[in-house]
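See below for the structure under consideration.
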Amino acid sequence: MSSSSSRIYKNLPITEPCMHTSLSSSYLRIQTQTHTLSTESSQHDSAESTTMGLKCAATLILFSIISVTSSIANDPCPSKPDDASLTVIPIFGKCSPFDPPKPDSWAQTVINMASKDPARVKYLSTLVGQKSAVSAPIASGQAFNIGNYVVRVKIGTPGQLMFMVLDTSTDEAFVPCSGCVGCSGTAFSPKDSTSYGPLDCSVPQCGQVRGLQCPSTGSGACAFNQSYAGSTFSATLVQDSLRLADDVVPSYSFGCVNAISGESIPAQGLLGLGRGPLSLLSQSGALYSGVFSYCLPSFKSYYFSGSLKLGPVGQPKSIRTTPLLRNPHRPSLYYVNLTGISVGKVLVPFSSEYLSFNPSTGSGTIIDSGTVITRFVEPVYNAVRDEFRKQVGGTFSSLGAFDTCFVKTYENLAPTVTLHFTGLDLKLPMENSLIHSSAGSLACLAMAAAPSNVNSVLNVIANLQQQNLRILFDTVNNKVGIARELCN
């Protein structure tokens, strides 16, 4: 019985003859008592006893209903032992342990989340495949500011539940560990896990993390420091078992955070789904065969969650695909070949160089789970925005990161935005291309230019445009698949 159920039990006006009644989760069982009746007991007493018994039973049935209802309310998102996929939870959804901002509407929440995008894009634009001391954080910039989606995992033996941020553009995982200075909330306790083990500077995994603090002798714990957006943290690389739904990845290497400064570290850590050697895909080997997919629910889906499917089993049989490109200088990122953008029936004109994939400069287009709204390099965005405005007509205003907002009565004039990839055209539904103001009177084009303080050559297809789509990543056959799916 849940603690909430116990509280309800104490508050019910149950009379003494009912106090020996017990409940199970699936049925009501009434225990009987043997009483010694005196010879003076009358028929009236017997009738009164019967009436009391009926009242008792009715009260207990009511209690049973309340108890079951309370149990469901206390555990709105129970795990499914037979489900091979992981639940993907919006950071402020009902199934998330993190409190939503108050009293903001979902639209204002998205605006606030999108305000962190410039730091994310700046990080992605400067990310290179080198291991300099403090050049880049172990986790992606956006995740350090806010995690848009989290997944349930268990670390250690026995498993300790953590809600970790899902990030496709970073490799290493990290979690706050017990004793962490400056950390708040749930922390992983190494001493309570029988499968935990530290890693020293001599192991190959240690040479694959950034910001190493190992001595020149190569001995001692594999320690590293990172800084980002006003926050810093220190950690050591460790190993333990990682449970994902019914799967267990033994000896999984991750960062054990022992100190932070600042307020932007994800409360329960991050799960890296990039393409590098310390990513989940690389460490899991044949278990997932380099394949995963996710379906991200809408930020409005407070009562719903999406799914993360790991491995080739259970993936869509028929799905449109586009080639997955690899940049050796930015090996963690999922590059695709975006060839053009249409607004309505108009193929927007701009120089193809702004979309061209160039490993040397890092230019091109990536699919990213951590950026909120799609960001194009400025010449591309300006051309798309101008064509969109031309077709809608009227006057426009700005709202947060969105510079193309119009009166909602013109929404029926809003054209469809289509992203053209090699071998695949993605026609965005209106809910993936427009966002409405809190009052509902304005609709805004949910895209923006790369931040002006970033010398960006990178276009980012963000999570708002990916919602209610199944996005499949196959790193062995080098392809990305996209299909419509209601993520609930």
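Structural remarks
- Boolean, Thr87 is hydroxyl-bearing (Ser, Thr, Tyr), part of a loop (DSSP other than H, G, I, E, B) and modelled with pLDDT of 75 or more: no
- Hits in segment 282-296 - residues which are part of a loop (DSSP other than H, G, I, E, B), out of contact with any Leu (no Cβ under 6 Å at 6 or more places or on another chain) and surrounded by fewer than 24 Cβ atoms within 10 Å (Cβ to Cβ): Ser289
- Given (1) in contact with an Asp or Glu (Cβ under 6 Å, 6 or more places away or on another chain); (2) at negative phi, index of the condition Gly156 fails: (2)
- If only residues of segment 436-458 that are over 18 Å from Cys405 (Cβ atoms) and surrounded by fewer than 22 Cβ atoms within 10 Å (Cβ to Cβ) are counted, the one that is nearest to the chain's Cα centre (by Cα) is Pro451.
- When residues of segment 237-258 are limited to those that are open to solvent by 60 Å² or more (accessible area, probe 1.4 Å) and either of a type outside the set (Asp, Glu) or at pLDDT below 90 (or both), the one nearest to Phe188 (Cα to Cα): Asn258
- Residues considered: Ser184, Ser178, Ser202. Of these, the only one that is closer than 27 Å to Ser96 by Cβ and at pLDDT 85 or above is Ser178.
- Against the numbered list (1) in contact with a Ser or Thr (Cβ under 9 Å, 6 or more places away or on another chain); (2) over 23 Å from Val88 (Cα atoms); (3) open to solvent by 10 Å² or more (accessible area, probe 1.4 Å), Gly362 comes up short only at (3).
- Scan of segment 224-236 for residues that are open to solvent by less than 30 Å² (accessible area, probe 1.4 Å) and either over 20 Å from Pro331 (Cβ atoms) or modelled with pLDDT under 75 (or both), ordered by number: Gln226, Ser231, Phe233, Ser234, Ala235
- When residues of segment 412-430 are limited to those that are farther than 30 Å from Lys479 by Cβ and either open to solvent by less than 10 Å² (accessible area, probe 1.4 Å) or in contact with a helix residue (DSSP H, G or I) (Cβ under 8 Å, 6 or more places away or on another chain) (or both), the one modelled with the lowest pLDDT: Leu413
- In segment 259-267 there is no residue matching the filter, namely being part of a loop (DSSP other than H, G, I, E, B), at pLDDT 85 or above and open to solvent by 10 Å² or more (accessible area, probe 1.4 Å).
- Of the residues screened, Phe396 is one that is open to solvent by 30 Å² or more (accessible area, probe 1.4 Å) and either touching a Phe, Trp or Tyr at 6+ places or on another chain (Cβ under 7 Å) or β-branched (Val, Ile, Thr) (or both).
- Members of segment 407-426 found to be in contact (Cβ under 8 Å) with a residue 24 or more places away in the chain, assigned to a strand (DSSP E or B) and over 15 Å from Ala446 (Cα atoms), listed by number: His420, Phe421, Leu424, Leu426
- Lone qualifier among Ser352, Ser433, Ser356 - being of a type outside the set (D, E, K, R), exposed (fewer than 15 other Cβ atoms within 10 Å of the Cβ) and either in contact with a Gly (Cβ under 9 Å, 6 or more places away or on another chain) or closer than 24 Å to Lys116 by Cα (or both): Ser352
- Listed by first and then second residue, the pairs linking a residue in segment 371-391 that is without any contact (Cβ under 8 Å) to a residue 24 or more places away in the chain and of a type in the set (Lys, Arg) to a residue that is surrounded by 20 or more Cβ atoms within 10 Å (Cβ to Cβ) and outside any helix (DSSP H, G or I), with Cβ atoms under 7 Å apart and 6 or more places separating them unless they lie on different chains, are Arg389/Thr404.
- Meets criteria (of a type outside the set (Val, Ile, Thr), at pLDDT 90 or above and in contact with a helix residue (DSSP H, G or I) (Cβ under 8 Å, 6 or more places away or on another chain)) for Gly272: yes
- 3 or more residues over 19 Å from Val377 (Cβ atoms) and not β-branched (Val, Ile, Thr): qualifying strands (runs of 3 or more DSSP E) within segment 433-486: 442-445, 469-474, 479-484
- Residue check, Ser279 surrounded by fewer than 17 Cβ atoms within 10 Å (Cβ to Cβ) and hydroxyl-bearing (Ser, Thr, Tyr): no
- Unique residue being under 15 Å from the mean Cα position of the chain (by Cα), more than 30 Å from Ser178 (Cβ to Cβ), polar (S, T, N, Q) and modelled with pLDDT under 90 when the list is Ser305, Ser293, Ser298: Ser298
- For segment 160-182, residues that are open to solvent by 40 Å² or more (accessible area, probe 1.4 Å) and outside any strand (DSSP E or B) total 1.
- Of the set (1) in a strand (DSSP E or B); (2) farther than 30 Å from Tyr381 by Cα; (3) at pLDDT 95 or above, all apply to Ile341 but (2).
The values are calculated or read from the model by the stated rules, or taken from the named source; none is laboratory data. Computed from a predicted structure; not experimentally measured. Neighbour counts run over all protein chains shown; Cβ positions are idealised from the backbone, glycine included. Just so you know, the surface numbers come from the protein's heavy atoms only, side chains and all, with ligands and any DNA or RNA stripped out. Shrake-Rupley method; radii C 1.70, N 1.55, O 1.52, S 1.80 Å.
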